[in-house]
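Read through the structure below, which is laid out as structure tokens, and then see the notes.
We did not get these values from a lab; they are worked out from the coordinates using the rules stated. It should be emphasised that the depicted structure is a prediction, and the values quoted were computed from it without experimental measurement. Note that each Cβ is placed from the backbone with ideal geometry, even for glycine, and that neighbours are counted across all protein chains shown.
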């Protein structure tokens, strides 16, 4: 029997609730076991649905947090770039107001280039560095380097190299890239 077979009623004579089975015609004063079991199953279904709703809300909340963090980082990068461009524009305007001297012009050009290098170094500086043996040969070692923008590269070295040796190699690579 399902809960639908039983109907709840109110006795006018005794002013008390009773249960009536529509199929069998049976009437009882106490709630039938079938109704109790059916209500228990319905509550369990509702609880399960509520748990699923909570889990999906948590997942959605986490996705929103990740998206907000991503947007925040993008806004920060845009603000840094905007500030950098503003500084460049101010320097350019200041340079235009000064008298033209070949040596001063060359010094300003170098200063602008160094400012750009400092900006790029800040933007692309390694955020994590780890030394590890990357091959089966015990004499072959490398350093894994990653920057804040998701780029990574590996510098090959020798087993006797220290962290400072790797950093010297990284400086050499950065210097060679600045020449271009």
request  = Just need the relative contact order of the stretch 3-66 here, percent rounded to a whole number, with Cα pairs under 8 Å and 6+ apart.
outcome  = 20 percent
remark   = By Cβ neighbour count within 10 Å, fewest first, 53, 5, 165 rank 53, 165, 5
